[in-house]
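Report on one structure; see the data block that follows.
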Amino acid sequence: MESSAGGYDAAQGAGRGPLSILVVVLSRVVGRGGRETVISRVLAQLLRQGDRAALALLDHAEDSSWEAGLPSLVRVAGIDPDGALKRQLGATVRFVRNAIRDFRPDAVLVTEPVGSFVARLASLGTGHRPLVLSWCHIDVRLLRHKWAMRMCDGHLAISNGIAMQLRKRWPQPVAVIYNPFDSDGDVQQCSRPVKGDDVRLLFIGRLHEQKRVDRILVALSRVTCTNWQLQVIGDGPERAALESLASRLNLTSRIEWAGWAQQPWIQVRSASLLLFTSMIEGFSVLMVEALARGVPMAAMDCDFGPREVIQEGRNGWLLPDGDSDSLAHLIDDICAGKVPLPSVEEVVATSERFRATEVVSDLCRAVRDMCSQKRPLGPLP
């Protein structure tokens, strides 16, 4: 129960027995993004290992198939996320309060900074004060309502780079919890093209300006070898412009635009190299999915993620940010046989620390540690 000093009761059971984790999402959910994938994997792994997990959404995901694959305990308020804070703050707080009262979580993980304010306000009058942790999935510089971050008990950072940002701005404890790949059962490895076949290049993701797929096309226009094919799995607002660019660069015959797929790896027939050219990321779950399938990657060194995943020559290559020439040279050398691809087994070995079992174990350890610290917070503003 929250005291007059603003402390918390450290949630009975947080130091022993199963944990109870409530994830609160106060923004619009598409159902196709990396954040949704990570949330579903973490919740599923918590349940598999005997903990309790629940999810609170303001509104249904645009892609309803995402919700269908989630644990059964999902609450949906039916509130427009765009008006939740301005026009429906009271209804939003009541919704989260009911979730806290009924579920009595040890920790509430909020995916937007303002969620920490709502969660603290919602816990008043419930007789229960859970730990409130931010679990933001984007660069801190892009966050809205940063003022609310000081009301968290701690932060879960999806990369070391984001952890450094958080430590510079706020005094609460920070734990690095990487985005996981699903380790429920064996992950099907991707085949490699046989000797003599074209090198199979791969891009998976939303065709959005943040992903900078144009960098890939420019690089390919500078590759002198012709024994390559590119498969693009994804869709988005940039697709028409990218297809037009590919046509102008005379690349159309060697590119397959496969469109969006709910399970993109099923669409991959074979893969030599994943291309990752985003200008900014939190920590792309796609990278660790590729490693788990034995697919090495060529990644531009954006903030954040690639430099924490790439082990040069062992599971891929880290290139200067925005350097299409370096990417072109690497692809040329691979196509010409001058640079060998790392073995599937070696690539897979570098993915083990990103298994859902390992990541969720780290998350639970962080929650228990932060509960044990019992760090008092100031009063609500």
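The values are calculated or read from the model by the stated rules, or taken from the named source; none is laboratory data. Just so we're clear, the structure is a prediction, and the values are computed from it rather than from any experiment. Reconstructed Cβ throughout: ideal geometry from the backbone, glycine too, with neighbour counts over all protein chains shown.
Checked against the criterion of being touching a Pro at 6+ places or on another chain (Cβ under 6 Å) and at pLDDT below 95, the candidates Ser270, Ser284, Ser278 yield just one match: Ser270.
State yes or no: is Val194 of a type in the set (Val, Ile, Thr) and either at pLDDT 95 or above or surrounded by 15 or more Cβ atoms within 10 Å (Cβ to Cβ) (or both)?
Details: of a type in the set (Val, Ile, Thr): yes; either at pLDDT 95 or above or surrounded by 15 or more Cβ atoms within 10 Å (Cβ to Cβ) (or both): no.
So Val194 does not fit the description; no.
Applying the set (1) in a loop (DSSP other than H, G, I, E, B); (2) under 27 Å from the mean Cα position of the chain (by Cα) to Thr226 leaves exactly one unmet item: (2). Annotation: Arg314 fulfils all but one of (1) surrounded by 20 or more Cβ atoms within 10 Å (Cβ to Cβ); (2) touching a Pro at 6+ places or on another chain (Cβ under 9 Å); the unmet one is (1). Of the listed requirements (1) part of a loop (DSSP other than H, G, I, E, B); (2) within 20 Å of Met300 (Cβ to Cβ); (3) over 20 Å from the mean Cα position of the chain (by Cα); (4) of a type in the set (A, V, I, L, M, F, W, C), Leu207 misses just one: (3).
Just for the range 71-99: of the residues that are modelled with pLDDT under 80 and assigned to a loop (DSSP other than H, G, I, E, B), which one is farthest from Ile39 (Cα to Cα)? Steps first, answer last, please.
First, the residues of the range 71-99 that are modelled with pLDDT under 80: 71-73, 83-86.
This time we only want the ones that are assigned to a loop (DSSP other than H, G, I, E, B), so: 71-73, 84-86.
Working: Pro71: 11, Ser72: 14, Leu73: 14, Ala84: 21, Leu85: 23, Lys86: 26 Å.
Here the residue is Lys86.
Just one of (1) in a loop (DSSP other than H, G, I, E, B); (2) surrounded by 18 or more Cβ atoms within 10 Å (Cβ to Cβ) fails for Val118. It is (1).
With a requirement of 2 or more residues that are touching a residue at least 24 places away in the same chain (Cβ under 8 Å) and on the phi < 0 side of the Ramachandran plot, the strands (runs of 3 or more DSSP E) lying completely within the range 248-351 that satisfy it span 255-259, 273-276, 297-300.
Any residue that is within 19 Å of the chain's Cα centre (by Cα) and not charged (D, E, K, R) - is there at least one of those in the range 70-93? Can you show your working first?
The initial filter retains those residues of the range 70-93 that are within 19 Å of the chain's Cα centre (by Cα), namely 70-71.
Retained after the next criterion (residues that are not charged (D, E, K, R)): 70-71.
Yes, the range 70-93 has at least one match.
So that you can scan it fast, the table gives a plain yes or no per residue for (1) within 20 Å of Arg35 (Cα to Cα); (2) crowded, with 19+ Cβ neighbours inside 10 Å; (3) assigned by TED's automatic domain parsing to the domain that holds Val42; (4) among the small types (Gly, Ala, Ser):
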position: Ala246; (1), (2), (3), (4): no, yes, no, yes
position: Leu249; (1), (2), (3), (4): no, no, no, no
position: Ile255; (1), (2), (3), (4): no, yes, no, no
position: Arg269; (1), (2), (3), (4): no, no, no, no
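Every residue in the range 129-184 that is surrounded by 20 or more Cβ atoms within 10 Å (Cβ to Cβ), among the aromatic types (Phe, Trp, Tyr) and either assigned to a helix (DSSP H, G or I) or modelled with pLDDT under 95 (or both), please. Selection gives Phe181 alone.
Counting only residues that are in contact with a strand residue (DSSP E or B) (Cβ under 6 Å, 6 or more places away or on another chain) and not β-branched (Val, Ile, Thr), the range 258-302 holds 22 of them.
Give the residues of the range 215-235 that are within 30 Å of Glu36 (Cβ to Cβ) and surrounded by fewer than 17 Cβ atoms within 10 Å (Cβ to Cβ), sorted by residue number. Within the range 215-235, none qualify. Checked against the criterion of being over 22 Å from His128 (Cα atoms), in the same structural domain as His128 (by TED's automatic domain parsing), in contact with an Asp or Glu (Cβ under 9 Å, 6 or more places away or on another chain) and not acidic (Asp, Glu), the candidates Ala107, Ala61, Ala68, Ala77 yield just one match: Ala61.
In the range 26-43, of all residues being among the basic types (Lys, Arg) and more than 18 Å from Glu358 (Cβ to Cβ), the one that is modelled with the lowest pLDDT corresponds to Arg32.
Would you confirm whether any residue within the range 207-214 is of a type in the set (A, V, I, L, M, F, W, C) and either under 30 Å from Leu142 (Cβ atoms) or surrounded by 23 or more Cβ atoms within 10 Å (Cβ to Cβ) (or both)? Walk me through it before giving the result.
Looking only at the range 207-214, we keep the residues that are of a type in the set (A, V, I, L, M, F, W, C), and these are 207, 213.
Now drop any that are not either under 30 Å from Leu142 (Cβ atoms) or surrounded by 23 or more Cβ atoms within 10 Å (Cβ to Cβ) (or both), which leaves 207, 213.
Yes, because at least one residue in the range 207-214 is of a type in the set (A, V, I, L, M, F, W, C) and either under 30 Å from Leu142 (Cβ atoms) or surrounded by 23 or more Cβ atoms within 10 Å (Cβ to Cβ) (or both).
For Met297, state whether it is out of contact with any Asp or Glu (no Cβ under 7 Å at 6 or more places or on another chain), over 23 Å from Gly31 (Cα atoms) and either buried (at least 16 other Cβ atoms within 10 Å of the Cβ) or among the charged types (D, E, K, R) (or both).
Details: out of contact with any Asp or Glu (no Cβ under 7 Å at 6 or more places or on another chain): yes; over 23 Å from Gly31 (Cα atoms): yes; either buried (at least 16 other Cβ atoms within 10 Å of the Cβ) or among the charged types (D, E, K, R) (or both): yes.
Judged against the criteria, Met297 is a match.
Quick one: which of Val93, Val38 is hydrophobic (A, V, I, L, M, F, W, C) and under 30 Å from Ser159 (Cβ atoms)?
Details: Val93 fails: under 30 Å from Ser159 (Cβ atoms).
Only one candidate qualifies: Val38.
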